[in-house]
Amino acid sequence: MKIVQYPHPALRFRTKPLTSIDGTVQHQAAEMLELMYEAKGLGLAAPQVALTYQMIVINPTGDPEQRDQERVLVNPVIVERKGTIEGDEGCLSFPGLYQKVRRARAVKVQAYNLKGEPVEIVSATDLESRLLQHEIDHLDGVLFIDKFGPIARLSSRGSLSTFEREYKRAQQRGEIPSDEEIQRQLAAQAVVL
């Protein structure tokens with residue numbers, strides 16, 4: 001398992017809800033948490049590791065020593081949003097790119113934990129709210145670059161072009177399959193769920 005970078009097709013894949021939580025899902029959640037910590041991130045969504053189902057992992061502290069702050073959320077849904085706030089945001093699939101993004105100040109999220117129990121989170125901080133919205137967006141194929149205002153979009157063009165160029169070069173070297181092959185793999189994986 002590894003974190004895919006923009007413009008990998010998995011990042012635009014609309015995930016499917018999980019219908020059961022088994023040992024494989026639990027193992028993948030643990031792997032995602034480790035990858036998130038290795039990359040110095042605060043959250044990671046299943047599409048960022050080319051998985052086609054609805055699961056996110058977060059730890060607002062980003063500290064692997066604070067495991068009590070970890071959350072694994074299966075089939076998360078934002079059921080309420082309050083207020084708005086603009087703040088800096090980054091993404092592990094866009095290393096080094098940070099821009100201001102407007103989000104709801106607070107959210108209420110309903111999901112399931114890895115035991116299949118329903119959980120409800122009312123975001124306690126602006127950061128936690130931003131994190132939940134960012135990761136849940138990934139499950140619908142929505143990226144933080146889609147939320148950029150005109151100035152952020154303009155100032156990010158060079159970085160995005162670099163990501164796209166490096167991705168195409170990796171495909172030409174055979175390090176990444178063709179987009180068509182990746183689409184086939186994602187479609188096959190989604191059918192299995």
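The values are calculated or read from the model by the stated rules, or taken from the named source; none is laboratory data. On a predicted model such as this, the values are computed, not experimentally measured, just so you know. Quick reminder, even Gly has a Cβ in these numbers, built from the backbone with ideal geometry, and neighbours come from all protein chains shown.
Give the number of residues within segment 156-173 that are over 11 Å from Leu97 (Cβ atoms), in contact (Cβ under 8 Å) with a residue 40 or more places away in the chain and either of a type in the set (Ser, Thr, Tyr) or not in a helix (DSSP H, G or I) (or both).
So the answer is 1.
Give me the residue from segment 32-53 that is under 20 Å from Gly96 (Cβ atoms) and aliphatic (A, V, I, L, M) and, out of that set, surrounded by the fewest Cβ atoms within 10 Å (Cβ to Cβ).
Ala39
Just the residues that are within 19 Å of Leu186 (Cα to Cα) and either within 13 Å of the chain's Cα centre (by Cα) or of a type in the set (Val, Ile, Thr) (or both), please, taken from segment 9-21.
Matches in segment 9-21: Ala10, Leu11, Arg12, Phe13, Arg14, Thr15, Thr19.
Please go through segment 113-133 and pick out each residue that is surrounded by fewer than 15 Cβ atoms within 10 Å (Cβ to Cβ) and assigned to a strand (DSSP E or B).
Pro118, Glu120, Val122
In segment 20-28, is there at least one residue being outside any loop (DSSP other than H, G, I, E, B) and under 16 Å from Asp137 (Cα atoms)?
No, segment 20-28 contains no residue that is outside any loop (DSSP other than H, G, I, E, B) and under 16 Å from Asp137 (Cα atoms).
Test of understanding: among Ile56, Ile78, Ile3, which residue is buried (at least 19 other Cβ atoms within 10 Å of the Cβ) and not in a loop (DSSP other than H, G, I, E, B)? If you could, list the steps in order and put the result at the bottom.
Values: Ile78 fails: buried (at least 19 other Cβ atoms within 10 Å of the Cβ); Ile3 fails: not in a loop (DSSP other than H, G, I, E, B).
Just a single option satisfies the conditions, and that option is Ile56.
If I ask for residues that are outside any loop (DSSP other than H, G, I, E, B), of a type outside the set (Gly, Ala, Ser), in contact with a Leu (Cβ under 9 Å, 6 or more places away or on another chain) and under 17 Å from Arg153 (Cβ atoms), which ones from segment 90-111 would you list?
None - no residue of segment 90-111 is outside any loop (DSSP other than H, G, I, E, B), of a type outside the set (Gly, Ala, Ser), in contact with a Leu (Cβ under 9 Å, 6 or more places away or on another chain) and under 17 Å from Arg153 (Cβ atoms), so the list stays empty.
Out of all the residues in segment 35-48, which are in a helix (DSSP H, G or I) and either in contact (Cβ under 8 Å) with a residue 60 or more places away in the chain or over 27 Å from Asp179 (Cα atoms) (or both)?
Hits for segment 35-48 are Tyr37, Ala46, Pro47, Gln48.
Please verify whether segment 22-31 includes one or more residues that are surrounded by fewer than 21 Cβ atoms within 10 Å (Cβ to Cβ), of a type in the set (Val, Ile, Thr) and within 13 Å of the chain's Cα centre (by Cα).
Checking segment 22-31: not a single residue is surrounded by fewer than 21 Cβ atoms within 10 Å (Cβ to Cβ), of a type in the set (Val, Ile, Thr) and within 13 Å of the chain's Cα centre (by Cα).
Kindly establish whether Gln99 is touching a Lys or Arg at 6+ places or on another chain (Cβ under 7 Å), modelled with pLDDT of 95 or more and of a type in the set (S, T, N, Q).
Spelling it out, it is not the case that Gln99 is touching a Lys or Arg at 6+ places or on another chain (Cβ under 7 Å), modelled with pLDDT of 95 or more and of a type in the set (S, T, N, Q).
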